[in-house]
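Asker: Starting off with a structure, shown below.
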Amino acid sequence: MPKLPTYDDVKGNVQDNVIWKSIFRPGSIYRKGYRDTSRDRALASMNNVLYHLHPVKVKRHGLKLTYTYCLGGLSFFMFILLTVTGIFLMFFYTPAAGAGTEVAYLNMREISASVTFGQLVRNLHRWGAHAMVFTVFLHMARVFYHGAYKPPREFNWVVGVILLVLTLLLSFTGYLLPWDQLALWAVTVGTNMMGFTPVFGDQVQFVLLGGMEIGPDTLLRWYVLHVLFIPFVTVIFLAVHFWRIRKDGGISGPL
Amino acid sequence: MSDEVQIDQEVYDRLIGEGKSERIARAKAKAAAVRQAKVAEGASLGPKSPEDAAKALEAAKEKAGGGGGVATKTAAPAEAQAGGGRLTPEERSARVAASLGNGGNGGSMGVPTSSDHTHRLLALVPPAGIQQVQSKQMDKVYTWPHLLLVEFVALLAAGSLLLIAAFFLDAPLGSLANPNEVPAINKAPWYFMGLQELLAYFHPMVAGVTLPGVFVLLLMAAPYVDKNPSAKPENRKVANLAFTFFLTFWGLLVIIGSFLRGAGYAWVWPWVQGLGFTL
């Protein structure tokens, strides 16, 4: 009877071929011959598209959980999670409303009642959205109390404030989409306020609502803003935000 | 990973004895151990000696042949050593010409026409093009595994908390939107409740547009207004106090708006009329 290959044999064979080595670049922990040396630790960051957001080395004090509480990272994680759950919800949602064609609201009922994992994913999306507003807000407070916006990081703070506003807009545009009483009237409160913008009030409100009052056109407009336009702008500002962290010399401090 | 590199204890003890820091001694001892292991394997180490390198260069030139390889032999290394390790501009250009292999005649950048070289990587950096970075040596650690591990655990913790919340708490879904039926309790999402609460005191143009606009602009202006270079809490009492006041004020507005306002936006006590709040 032939000897069965051991786990290490199989692992070695899987890792030691052209395809595997083309996927995992040198320094990857999944590549054969990874050793816990300074060189491979550096390569692990340098040769990975995601880890490359980070520098190869970070200040030791920044590792302390009570310095950052990971708030910026968690905000980004919430953004990713909301993107993933949001895409799932988009499969089952049509932004159509109006007398006789209350598709959006019916879709919401179906997501809760008959879509597999629909209710769970919707819950994740809803609570994730609230959590993201909260973590972004806490992140801002953390940065302020550490004086981390001081030179050379002034502009990155400005980008951060823009991202906070974008987060609020993302959350608020999503608030209308269930097209229930809660959504309609919460958004009415908000858009009525916008109507009081000095000079351009009526125009601002008209553009936001796609008409004189909240209706099917508003739903479509806010849907596009929510799933496409604001995320697109947010990603651009996120890229600048992350890039500036590196360019401004990494995380601030120590105090 | 398990195959942690051993350190050369002898080197380590010697360096500690010389008064080197623990970190440096450990690094050097580690390097010594790796070097020994490589020698044991029979591998050649590090860069070649200057003589070997010069010989290899000559050999390469011979091989390239006919490419105008004048190989201007400069006495630069010796002179450079005398001059504190720096080359004069003339020496440097002579060196560059030599390594380009065209003796400063211009032409084809020294790439021989009949050569089995396929390409040559070369970068000439003028001194003005070098960005001078002056920063203090800091205590740093490798991102992998130290930072990424922390981030991964934070991500898992936040993800599980959210999953548990999503499993037990259902997102609200009211009845179908009806523009003709104003609900008794009519509130914005919680993060806008501060604005809605302001609306109870001010004209909408002030509460809904001007004040939030001013707040956002003030936030953006903070780093340009706060000229205090210190980041230590004890040196920035005014800034911290102002920001804390701002946060408290805003938090209070949100709490009042969310929990203490009921039908018709009248003041209620949640333990009397119930919680008029939906997330």
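Asker: Leaving ligands and nucleic acids out of the surface, order B:VAL238, A:VAL84 by accessible area at 1.4 Å, largest first. Working shown, then result.
Answerer: Details: B:VAL238 120, A:VAL84 95 Å².
Order by accessible area, largest first: B:VAL238, A:VAL84.
Asker: Remind me, relative contact order of region B:181-273 in percent, using alpha carbon pairs under 8 angstrom and six or more residues apart?
Answerer: Answer for region B:181-273 is 43 percent.
Asker: Considering amide H positions built from the backbone, and no H for Pro or chain starts, which residues 5 or more places from B:LYS20, or on another chain, come under 5 Å of its amide H?
Answerer: Amide H neighbours of B:LYS20, under 5 Å, 5+ apart: none.
Asker: Expressed as a whole number of Å, what is the distance separating the alpha-carbon centroids of region A:209-241 and region B:142-169?
Answerer: 29
Asker: Please work out whether region A:51-205 counts as rounded, prolate or oblate from its C-alpha gyration tensor, where a ≥ b ≥ c are the square roots of the eigenvalues and a/c under 1.5 means rounded, while otherwise a/b larger than b/c means prolate and anything else oblate?
Answerer: Here region A:51-205 falls in the oblate category.
Asker: Report, ordered by chain and residue number, the aspartates and glutamates lying within cross-link reach of B:LYS227, taken as a straight Cα distance under 14 Å and ignoring same-chain residues fewer than 8 apart.
Answerer: Within reach: A:GLU154.
Asker: Name the long-range amide H neighbours of A:ASP180: under 5 Å, sequence gap of 5 or more, or other chain; modelled H, no Pro or chain starts.
Answerer: Excluding prolines and chain starts, which carry no amide H, the hits are B:ALA177.
Asker: Separate question: How far, in degrees from 0 to 90, does helix A:71-90 lean away from the longest principal axis of the Cα atoms of chain A, to the nearest 10?
Answerer: For A:71-90 against chain A, the angle is about 60 degrees.
Asker: Also, quick follow-up: Which FRET efficiency, nearest 0.05, do B:LEU275 and B:MET138 yield, Cβ-Cβ r, R0 45 Å?
Answerer: On the way: r = 50 Å, r/R0 = 1.11.
Step by step, r from the Cβ atoms, then E = 0.35.
Asker: Please list the non-local residues whose amide H lies under 5 Å from the amide H of B:ARG261, H modeled 1.01 Å from N, same-chain partners needing a gap of 5 or more.
Answerer: Here the answer is B:VAL268, since their amide H atoms fall under 5 Å of that of B:ARG261.
Asker: Per the helix-only calculation at 222 nm, which mean residue ellipticity applies to chain A, given -39500 (n - 2.57) for every DSSP H run of n ≥ 4 and division by its residues, nearest 500 deg cm²/dmol?
Answerer: Roughly -20000 deg cm²/dmol at 222 nm, from the helical runs in chain A.
Asker: When chain A is modelled as a GNM with alpha-carbon springs shorter than 10 Å, which of A:GLN15, A:GLN119, A:GLN181 fluctuates the most?
Answerer: Of A:GLN15, A:GLN119, A:GLN181, the Gaussian network model singles out A:GLN15 as fluctuating most.
Asker: Normalising by the residue count of region A:60-247, find the relative contact order in percent from Cα pairs under 8 Å and 6+ residues apart.
Answerer: 22
Asker: Dividing the convex hull volume of the alpha carbon atoms of region B:181-273 by its residue count, what do you get in Å³ per residue?
Answerer: 121
Asker: Treating the angle as unsigned and between 0 and 90°, give the value, to the nearest 10°, between the Cα long axis of helix A:230-247 and the longest Cα principal axis of chain A.
Answerer: The two axes meet at around 40 degrees.
Asker: My understanding is that a pair violates if its Cα-Cα distance is over 24 Å; which of B:LYS20/B:LYS232; A:LYS57/A:LYS247; A:LYS11/B:LYS140; A:LYS150/B:LYS140 do that in this structure?
Answerer: Numbers: B:LYS20/B:LYS232 31 Å; A:LYS57/A:LYS247 14 Å; A:LYS11/B:LYS140 33 Å; A:LYS150/B:LYS140 22 Å.
Flagged as over cut-off: B:LYS20/B:LYS232; A:LYS11/B:LYS140.
Asker: Can you send over the solvent-accessible area of B:GLU10, 1.4 Å probe, protein chains only, in Å² to the nearest 10?
Answerer: Accessible area of B:GLU10: about 150 Å².
Asker: Return the sequence-ordered ³J(HN,Hα) values of region B:241-251 in whole Hz as given by the Karplus equation 6.51 cos²θ - 1.76 cosθ + 1.60 applied to θ = phi - 60°, using x for Gly and Pro.
Answerer: Rounded to whole hertz, the list is 5, 4, 5, 5, 4, 4, 5, 5, 4, 5, x.
Asker: In a Gaussian network model over chain A where Cα atoms closer than 10 Å are linked, find which of A:TRP179, A:TRP127, A:TRP157 has the largest mean-square fluctuation.
Answerer: For chain A, modelled as a Gaussian network with Cα springs under 10 Å, the answer is A:TRP127.
Asker: Now for a separate question. May I have the extent of the alpha carbons of region A:68-150 along their three principal axes, as whole Å values ordered from largest to smallest?
Answerer: Projected onto the principal axes, the Cα atoms of region A:68-150 cover 56, 27, 14 Å.
Asker: Counting pairwise Cα distances across region A:7-53, what percent come out greater than 13 angstrom?
Answerer: 54
Asker: With θ taken as phi - 60° and the coefficients 6.51, -1.76 and 1.60, list the Karplus ³J(HN,Hα) couplings across region A:138-146 in order, rounded to whole Hz; mark glycine and proline as x.
Answerer: Along region A:138-146, the couplings run 5, 4, 4, 4, 4, 5, 5, 5, 8 Hz.
Asker: Tell me the label-point distance for the pair B:ILE255, B:THR88, using the 7 Å Cα-to-Cβ offset, in nm and rounded to one decimal.
Answerer: Going from the B:ILE255 label point to the B:THR88 one covers 7.7 nm.
Asker: Would you kindly derive the ³J(HN,Hα) couplings of region B:141-147 from the backbone phi angles with the Karplus curve 6.51 cos²θ - 1.76 cosθ + 1.60 (θ = phi - 60°), listing them in order in whole Hz, with x for Gly and Pro?
Answerer: Computed from phi, the couplings for region B:141-147 are 10, 6, 4, 8, x, 5, 6 Hz.
Asker: Relative contact order for region A:7-53: what percent, with Cα pairs under 8 Å and sequence separation of 6 or more?
Answerer: 28
Asker: Separate question: As a test of the definition: with a 1.4 Å probe, what buried accessible area, both sides summed, do you compute for B against A, in Å² to the nearest 100?
Answerer: By this definition, chains B and A bury close to 7500 Å².
Asker: Compare A:VAL18, A:VAL49, A:VAL103 in a GNM of chain A, Cα atoms joined below 10 Å, and give the one with the largest fluctuation.
Answerer: The residue with the greatest mean-square fluctuation here is A:VAL18.
Asker: Nothing charged except the Cβ atoms of Lys and Arg (+1) and of Asp and Glu (-1): what's the magnitude of the dipole of region A:60-247 about its Cα centre? Round to the nearest 20 debye.
Answerer: 1180
Asker: Another question about this same structure. Identify, among A:GLN181, A:PRO151, A:LEU169, the residue whose Cα sits farthest towards the positive end of the charge dipole of region A:60-247, taking +1 on the Cβ of Lys and Arg and -1 on the Cβ of Asp and Glu, with the dipole about the Cα centre.
Answerer: Projecting each Cα onto the dipole axis, the largest value belongs to A:PRO151.
Asker: Separate question: Taking +1 at the Cβ of each Lys and Arg and -1 at the Cβ of each Asp and Glu, which of B:ALA266, B:MET193, B:LEU247 sits farthest along the dipole of region B:147-279 towards its positive end, judged by Cα position relative to the Cα centre?
Answerer: So the residue we want is B:LEU247.
Asker: Over 10 Å intervals from 0, what percent of Cα-Cα pairs in the protein assembly as shown sits in each interval?
Answerer: Each 10 Å bin holds this share of Cα pairs: 3, 12, 18, 19, 16, 12, 9, 7, 2, 0.
Asker: Of A:ILE23, B:ALA221, B:ALA123, which is farthest on the positive side of the dipole of the protein assembly as shown, counting Cα position, with +1 on Lys and Arg Cβ, -1 on Asp and Glu Cβ, and the Cα centre as origin?
Answerer: About the Cα centre, the residue reaching furthest to the positive side is B:ALA123.
Asker: Here's something else I'd like to know. Given Cβ point charges of +1 (Lys, Arg) and -1 (Asp, Glu) and nothing else, what value in debye, to the nearest 20, does the dipole of the protein assembly as shown about its Cα centre take? Can you show the working numbers first?
Answerer: Values: 48 positive and 36 negative charges, 316 e Å.
Here the size comes out at about 1520 debye.
The values are calculated or read from the model by the stated rules, or taken from the named source; none is laboratory data. In this text the structure is predicted, and so the values were computed from the model without any measurement. When we count neighbours, we look across all protein chains shown, and the Cβ atoms used for this are built from the backbone with ideal geometry, even at glycine. The area values use the complete protein model at the heavy-atom level, side chains included, leaving out ligands, DNA and RNA. Shrake-Rupley method; radii C 1.70, N 1.55, O 1.52, S 1.80 Å.
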